[in-house]
Structures are given as structure tokens and as C-alpha cells.
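See below for the structure under consideration.
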Amino acid sequence: MSSVNSRRSPEVAEHREPVQAALVEVAENSFFAFVDPLDEAQFAEMAEVVPSWLHAVVQFDGAFGGRMTVTVPEPLAHELFTSFLGEAPETMPQDGPLFDLVGEFGNMVCGSWLTRACQRRRFDLQHPVVTRLEAGAATPEGPTDLLVALNGQPAILRLSFQEA
């Protein structure tokens, strides 16, 4: 038996293009970063030299619920920080502001995607949670992961939905 209020969990594959478009829009317009697609082999080769990663998780709920994660190399996070805030490239932010910036990047991508893909529906985004991952800890989990190079550095964007 179904009800008018039941939620259908969408398929990740149907949102791949809008998620990628949101990532490109946010990266280019707000962070002055360029996005290029990567395959798994390219990602693996680039990821070998990454000393540590920052991993942002943005939970959302509304017409459907889920989470978006963005995982970037820590050196790229520094680059995004200085670009977004107009700081000198040699600026070395402390962890708190750096984590906030990576969380805001994930929040902006998630919000842009939800606005683009679900125009008339309401969603609530939770405050992003950002953690540091050691070298080798950021690996693709499957074919639905969006693997990209942001300014020539590897990044993973992952979308998952809660079961309705």
C-alpha cells in the first residue's frame, strides 16, 4: 500500500549529469577552478602522490534524503581556500577555516545540484562534517562516483540516497 506522502529514492545514475554540472558551476564561478573528468586509472595514478585528503559530508533531506561527499587532496583545499577568499597563494590556513571552506564547497555543490535537479521541492541541508583522511584512504567505491581533476588534482564526488 502506498501513500501520497511516501518518498521514492532516486537512482544515483539519473543525477550524475546534474551533479557534474553543479560541480563545474561552483568550481568555475566561485573557486576559479577547472574541472576535467577522470577515469579510474587516471585517478589512481594522480592519487598516489596525495599526502592527505579532506573529506566533506553534506546530509540532505526533503523530497528524498541522502548525502553528498566531496573528497579533495589537502593541497587542493589550500588552493581553493586562497582562490575563494582572494588570499595570496602562499597563505597557509589553519585547520578550522580550511575545514570550513571544504565543507562550504561541498555545501555549495550539493545546494546547486538540488536547485538544478529538483527546482520546486524543498530540501534541508545539514552543516557539513569535514575530516582529514591519510594518503591512500580516498578510493573510488563504484561506477557512480564522479572522479574529476580540479585544477589538475584528483577529487571524488559521491552521491547516495537513503532508502524511502
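The values are calculated or read from the model by the stated rules, or taken from the named source; none is laboratory data. Treat the numbers as computed from the prediction; the structure is a model and nothing was measured. Glycine gets a Cβ as well: all are built from the backbone with ideal geometry, and neighbour counts include every protein chain shown.
Assorted remarks:
- Considering residues of the range 79-99 that are farther than 14 Å from F32 by Cβ and surrounded by 17 or more Cβ atoms within 10 Å (Cβ to Cβ) only, the residue nearest to the chain's Cα centre (by Cα): F99
- A Cβ distance below 9 Å, combined with a sequence gap of six or more or placement on separate chains, defines the contacts here; from the range 33-60, residues that are without any contact (Cβ under 8 Å) to a residue 24 or more places away in the chain reach residues that are of a type in the set (A, V, I, L, M, F, W, C) and not in a helix (DSSP H, G or I) in the pairs E48/A135; V49/A135.
- Test result for G152, surrounded by fewer than 16 Cβ atoms within 10 Å (Cβ to Cβ), over 14 Å from the mean Cα position of the chain (by Cα) and within 25 Å of P89 (Cβ to Cβ): yes
- Of all the residues in the range 100-133, those that are crowded, with 19+ Cβ neighbours inside 10 Å, touching a residue at least 60 places away in the same chain (Cβ under 8 Å) and polar (S, T, N, Q) number 1.
- Matching residues, the range 1-56, being touching a Phe, Trp or Tyr at 6+ places or on another chain (Cβ under 6 Å) and at pLDDT 90 or above: P18, V19, A22, F31
- Residues that are closer than 11 Å to M68 by Cβ and part of a helix (DSSP H, G or I) within the range 106-132 comprise G106, N107, M108, V109, C110, G111, S112, W113, L114, listed in sequence order.
- Restricting attention to the range 67-110 and to residues that are modelled with pLDDT under 95 and of a type in the set (G, A, S), the residue that is farthest from N29 (Cα to Cα) turns out to be A88.
- Checking each residue of the range 144-156 against the condition of being polar (S, T, N, Q) and within 24 Å of P10 (Cβ to Cβ) gives at least one match.
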